[in-house]
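Remarks on the structure that follows.
Bear in mind these aren't lab numbers, they're just calculated from the coordinates by the rules spelled out. Just so you know, these numbers come straight off a predicted model, no measurement behind them. Cβ coordinates were reconstructed from backbone atoms using ideal geometry, including for glycine residues, and neighbour counts include every protein chain displayed.
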Ligand code: ADP
Ligand code: GLC
């Protein structure tokens, strides 16, 4: 197979800019694809929060992007994804990107997101033309990149880059990029595209919908989520589009950066450890207890949480059951997150009420996130919806059995603990209720205290699973080839969905 030219276009790329797991995925999969011999490049906006130092190179030629009246001028900065030779381009534009946040400031979504990301979509394609590097496939990620397939099917269709196939990955269908019709004018999209089977939803432009209708193929980040989004209850108003495109939709479970998340070599935690020798994990637990003001005691089971504070993540369920759990069970919680103000308040109140039992850090802190993964005995993720979820994968790798609600990628990646055989990698519960969550925490707690051997087995099973990109990277190559063949008008059959890691 000849190497493919693959362009990743993404609003977030770890470690440069991260809001959630989308950044982790785009920061790691390209490296695995490059290691398989493909020519992969990644492009992202140059937000004010990205530190551009002497190791970066500015391209001499300014980037004239054909949007708005006249053109908008940007500049391209270039470096590589850390630990690889994968070119990473950042598109600078003071007016649009010289602000720290990606999507929203303190007062809500940036009101010019439609213009910012239209510019970014067209700019990414202009950059390829400028580089004389025409990708075989453009891999788009979520609503901010939804105009790319649309542009390639309309204004750019008859240009060399118009031959490129597109694969559009849904990381989270909940956020769709609703905006006014001005976005189409700004992006020079023909007004005829403002229709239900292209860009229009409820009288507005929906950037996610544009991506879903116009991309050559669609993927999402787990096989179960691929099914859920075709249903009314899981489709966020776009289920009819996904049913319409069902033959072009594939679920591929996310992998992880297996070197970046490896307790045996992780230099950010106080002590490294392996499945054979977990003594370093106890050191991490003590340090976590100390840092979050918990009672330093190796014997009390410590439950970790790292999450965006959002109802999608079911943190309201946790907030609701925490008082009863902390009163009734000998447990501790370490909670890291930020987001929804009401949820933040609920957790602050609980932390004030249970000093020494509930340690809380409100904010984004990558180092503390690693310490929580390493130092906790269980990881709690009661998501109402979860396209894939990465934190439960990191938890298993760090010997921290997850407690998850059975939804989306959590169904596909966590194997239910079976008491009679000690099989499994974690605990799953069905109902999105505080009671179901509390009961499952109780079950985990009892396992920890009463069946230490079984608990140890759970830890070891999770640590032994292979969550690296391996099979999923191959599935993406299959998806790209499928898209490329379709774009060329060749007959091609759909690859199989990526095998899930759970039963
Ligand atoms: P989502 O993308 O829906 O937020 P994922 O589980 O896919 O959920 O990925 C979340 C990523 O963001 C993980 O890498 C997790 O460690 C990280 N993360 C989430 N909240 C925080 C936080 N407050 N501080 C540091 N890292 C965080
Ligand atoms: C989204 C989803 C999460 C997924 C991540 C990476 O943020 O909410 O479930 O793991 O994207 O694909």
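Quickly estimate the mean residue ellipticity at 222 nm for the chain, helices only: each DSSP H run with n ≥ 4 gives -39500 (n - 2.57), and the total goes over all residues, rounded to 500. Walk me through the numbers on the way to the answer.
Values: 17 runs with 181 residues, N = 503.
About -11000 deg cm²/dmol.
Residue 246 to residue 185: FRET efficiency via 1/(1 + (r/R0)^6), r the Cβ-Cβ distance, R0 30 Å, to the nearest 0.05? In this case the efficiency is close to 0.40. Label reach from residue 278 (point 7 Å along Cα→C-beta): in segment 303-346, amide nitrogens under 17 Å belong to 303-304, 332. The calculated Kirkwood hydrodynamic radius for segment 279-464 is 15.9 Å, given to one decimal from all distinct C-alpha pairs. Computed from Cα atoms, the angle from the helix 21-35 axis to the main principal axis of the chain rounds to 70 degrees. DSSP beta bridges confined to the chain are antiparallel in about 30 percent of cases. Helix 279-291 and the longest principal axis of the C-alpha atoms of the chain enclose an angle of approximately 80°.
Relative to the longest principal axis of the Cα atoms of the chain, the long axis of helix 434-450 lies at roughly 50 degrees.
How much length is gained on full extension from residue 130 to residue 384, taking 0.36 nm per residue of separation minus their Cα-Cα distance? Display every interim value, and only then the final one.
Values: separation 254, 0.36 × 254 = 91.44 nm, distance 4.39 nm.
Additional length available on full extension: 87.0 nm.
Straightening the chain between residue 73 and residue 52 buys 5.7 nm, computed as 0.36 nm per residue apart minus the Cα-Cα spacing.
Among 316, 257, what is the fewest-to-most ranking by other Cβ atoms within 10 Å? Walk me through the intermediate numbers first.
Working: 316 19, 257 22.
Lowest count first: 316, 257.
Translational diffusion coefficient of segment 5-54 (Stokes-Einstein, Kirkwood radius from Cα pairs, 4 °C, 1.567 mPa s): 114 µm²/s. Per-residue extension of 0.36 nm, minus the Cα-Cα distance of residue 232 and residue 435, leaves a gain of 70.5 nm for this segment. Treating r as the C-beta distance of residue 474 and residue 262 and R0 as 22 Å, the FRET efficiency rounds to 0.55.
Distance between the pseudo-spin-label points of residue 496 and residue 36 (7 Å out from Cα toward the beta carbon): 1.6 nm. Across the chain, the volume of the C-alpha convex hull divided among the residues equals 144 Å³ per residue.
When DSSP assigns beta bridges and you keep just the ones with both residues in segment 279-464, what percent turn out antiparallel, to the nearest 5?
5
Per-residue Cβ neighbour counts within 10 Å put 336, 318, 437 in the sequence 336, 437, 318, beginning with the fewest.
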